[in-house]
Amino acid sequence: MTEQQMRTRGGVMDELLEKAFDAAVIVDREGRFVYNTKGSLALRRMAPEEIAGKYYWEVNPDAKFHTTLESGRSQLGVVDVVEGRKCLVNIFPICCGSQVIGALSTVLFKNLTNLKQIIAKLPDAYGVEVDNYNTVSRLATSYTFADYIGESPAARDVVQQCRLAAQSMRSVLLIGETGTGKEILANAIHAEVNRRVWTHCIKINCSAIPDNLLESELFGHEKGAFTGAQTTKIGKFELASNGSILLDEIGEMDLRLQSKLLRVLEEKEFERIGGTRLVPLKARLISSTNANLRQLCREGKFRSDLYYRLAAFEIHVPPLRSRAADIPLLVENLKQRDQLAFTLEENAMNVLTKYRWPGNVRELRNIFSRLDIKYRGQQVSGSAVQWELEQSIDYEPPTAQTQQTAMAGLQAAAYARMDALLERNGHNVAKTARELGVSRATVYNWLKKQKNCKV
Ligand SMILES: Nc1ncnc2c1ncn2[C@@H]1O[C@H](COP(=O)(O)OP(=O)(O)OP(=O)(O)O)[C@@H](O)[C@H]1O
Ligand SMILES: [Mg+2]
């Protein structure tokens, strides 16, 4: 399809998109809306002129178009939250030759409750027993603890703390550098509760929404509350009733709104802007930040009384460099998850574990998708990995100390993992090497070194 065809389309194509799906959206390669079906506009409660020319993240920061636009891969059955509803969507790349020129998202179920009803009918139709609640709940939340990959003590510890926090309905504050998996853990905490009762989990990025709009996003507004408030809008706190609200980048919230949030948390009720009716606060708050909130409190940029309210459970998510022993496992997982097809030479693994990873797992994932484009089906050397790392926007040269601790941790973990896989694979070295994401020579090399250590 050409760019022109994508933008103009034909009557039949629009008709098909309208009829075949609850909603459908096309964005161009920059992520700007090209087309929204009537169903999509209704779902977003927006008029065509309100959405025209906007980037998708301005309207729906949770949408996952960027993954398809960057990788050119389809995503099937991903959960997208639109106006507080969990929708099941497929996202497909639109290509002109080998170039990705846009993406098409089709909404299969605009409300997962519909899917729940369908699944509820399955046992009768197929004579199988289906655990309805669990099936849908798992679909309804994007992540569970199983998605947080890591077996190092630091990783196990953070998961255990999150599990503990999940058992209570008190506020949780996740603090950690960018790309460390805060979003996975926040979702997993919600999913843990969700296993019992299906509830909404609504995310809002405090830094992505201008301060004057954030208040109405959070608490909603009545019709006519301010210029531009043409309809009544239900806020995220109300939508997340009985469920969870994820406040991402909480450190970016302005002081005025911090005061309002504090009042709401203390009184456990709020009003929509311009409203008179009190709405009880029933959502559990999970906030996350990569800022040093204590420091911000000392500088007077964050209210310390709010900080204590938010941090009934304060959980520090470890950076990747402090759990470098997990890198081989992450490599294995990312290769499967992102369908990567290259193998790493032993020295490549060394380079990965010595690196400081300022962008953490996100950076690791990015580097891998770049390597996959360049070296699909090939072996990747340490120098190729090093070169790729140096191109990273986050690149920082390694220090002697990170090198030492990373190496010691890595070796023990890599050997343990190799032993376990060899055992499981009946000592098939080729299969084990494939699963570890390293070459056969590396496995032989590790076995030799391990033997030498034992002697
Ligand atoms: N422990 C992990 N296991 C598997 N994947 C992970 C892990 N941690 C992070 N990732 C991956 O890294 C990327 C970033 O993770 P996530 O969005 O959860 O980070 P974050 O801490 O919320 O970052 P930010 O502060 O920038 O919002 C995602 O692609 C996620 O899947
Ligand atoms: Mg995040």
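Tell me, yes or no, whether the stretch 431-446 has at least one residue that is surrounded by fewer than 18 Cβ atoms within 10 Å (Cβ to Cβ), in contact with a Phe, Trp or Tyr (Cβ under 7 Å, 6 or more places away or on another chain), under 15 Å from Pro328 (Cα atoms) and modelled with pLDDT under 85.
No, the stretch 431-446 has no match at all.
More than 12 Å from ligand 1 (Cβ to nearest atom) and surrounded by fewer than 22 Cβ atoms within 10 Å (Cβ to Cβ): does that describe Ser369?
No, not satisfied.
Failed condition for Pro319, given (1) surrounded by 22 or more Cβ atoms within 10 Å (Cβ to Cβ); (2) more than 29 Å from Asn242 (Cβ to Cβ), with all others met?
So the condition that Pro319 fails would be (1).
Can you name the residue in the stretch 380-399 that is modelled with pLDDT of 85 or more and not hydrophobic (A, V, I, L, M, F, W, C) and, of all such residues, is surrounded by the most Cβ atoms within 10 Å (Cβ to Cβ)?
Looking only at the stretch 380-399, we keep the residues that are modelled with pLDDT of 85 or more, and these are 380-390.
Applying the additional criterion that residues be not hydrophobic (A, V, I, L, M, F, W, C) yields 381-383, 386, 388, 390.
Numbers: Ser381: 16, Gly382: 17, Ser383: 12, Gln386: 16, Glu388: 20, Glu390: 9.
Within the stretch 380-399, the match that is surrounded by the most Cβ atoms within 10 Å (Cβ to Cβ) is Glu388.
Read through the list (1) out of contact with any helix residue (DSSP H, G or I) (no Cβ under 9 Å at 6 or more places or on another chain); (2) within 16 Å of ligand 1 (Cβ to nearest atom); (3) of a type outside the set (Lys, Arg), then give the number of the only condition that Pro210 fails.
(2)
Please verify whether Thr178 is at pLDDT below 85 and either in the same structural domain as Leu246 (by TED's automatic domain parsing) or more than 19 Å from the chain's Cα centre (by Cα) (or both), treating the condition exactly as stated.
When the stated conditions are applied, Thr178 does not pass them.
Kindly list, by first and then second residue, each pair from a residue in the stretch 154-180 that is without any contact (Cβ under 8 Å) to a residue 40 or more places away in the chain to a residue that is within 16 Å of ligand 2 (Cβ to nearest atom), limited to pairs with Cβ atoms under 7 Å and residues at least 6 apart or on different chains.
Qualifying pairs under 7 Å: Val159/Tyr148; Ala166/Ile189.
Hey, Lys223 hits all of (1) out of contact with any Ser or Thr (no Cβ under 6 Å at 6 or more places or on another chain); (2) more than 10 Å from ligand 1 (Cβ to nearest atom) but one; which does it fall short on?
With respect to (1) out of contact with any Ser or Thr (no Cβ under 6 Å at 6 or more places or on another chain); (2) more than 10 Å from ligand 1 (Cβ to nearest atom), Lys223 is out only on (1).
Working carefully through the options Leu218, Leu261, Leu281, find the one that is touching a helix residue (DSSP H, G or I) at 6+ places or on another chain (Cβ under 7 Å), at pLDDT 90 or above, of a type in the set (A, V, I, L, M, F, W, C) and over 22 Å from Glu183 (Cα atoms).
Leu281
If you go through the stretch 24-47, how many residues are closer than 23 Å to Ser71 by Cβ and either part of a strand (DSSP E or B) or touching a Gly at 6+ places or on another chain (Cβ under 8 Å) (or both)?
The qualifying residues number 10.
From the list Leu352, Leu329, Leu340, Leu344, which one is in the same structural domain as Lys374 (by TED's automatic domain parsing), touching a Lys or Arg at 6+ places or on another chain (Cβ under 9 Å) and surrounded by 20 or more Cβ atoms within 10 Å (Cβ to Cβ)?
Exactly one of Leu352, Leu329, Leu340, Leu344 is in the same structural domain as Lys374 (by TED's automatic domain parsing), touching a Lys or Arg at 6+ places or on another chain (Cβ under 9 Å) and surrounded by 20 or more Cβ atoms within 10 Å (Cβ to Cβ), namely Leu329.
So Ile202 fits all but one of (1) away from ligand 1 (no atom under 15 Å from the Cβ); (2) over 19 Å from Trp57 (Cβ atoms); what number is the exception?
(2)
Would a scan of the stretch 236-245 turn up a residue that is small (Gly, Ala, Ser) and free of Cβ contacts under 8 Å to residues at least 24 places away in the same chain? It would help to see each step written out before you state the result.
Initial filter on the stretch 236-245 (small (Gly, Ala, Ser)): 240-241, 243-244.
With the extra rule that they be free of Cβ contacts under 8 Å to residues at least 24 places away in the same chain, the set shrinks to none.
The answer is no; no qualifying residue exists.
Counting only residues that are touching a Cys at 6+ places or on another chain (Cβ under 8 Å) and more than 20 Å from Leu16 (Cβ to Cβ), how many does the stretch 40-85 have?
4
Check the stretch 224-247 and report whether any residue there is within 12 Å of ligand 2 (Cβ to nearest atom) and at pLDDT 90 or above. Explain how you work it out, then say what you get.
As a first pass, look at the stretch 224-247 and keep what is within 12 Å of ligand 2 (Cβ to nearest atom): 246-247.
Keeping just the survivors that are at pLDDT 90 or above gives 246-247.
Checked against the condition, which is being within 12 Å of ligand 2 (Cβ to nearest atom) and at pLDDT 90 or above, the stretch 224-247 yields at least one hit.
Find the residue count for the stretch 234-273, including only residues that are of a type in the set (S, T, N, Q) and either within 16 Å of ligand 1 (Cβ to nearest atom) or loosely packed, with under 15 Cβ neighbours inside 10 Å (or both).
Result for the stretch 234-273: 3.
The values are calculated or read from the model by the stated rules, or taken from the named source; none is laboratory data. Keep in mind the model is a prediction, meaning the values are calculated, not measured. Every residue, glycine among them, receives a Cβ derived from its backbone with ideal geometry; neighbour counts consider all protein chains shown.
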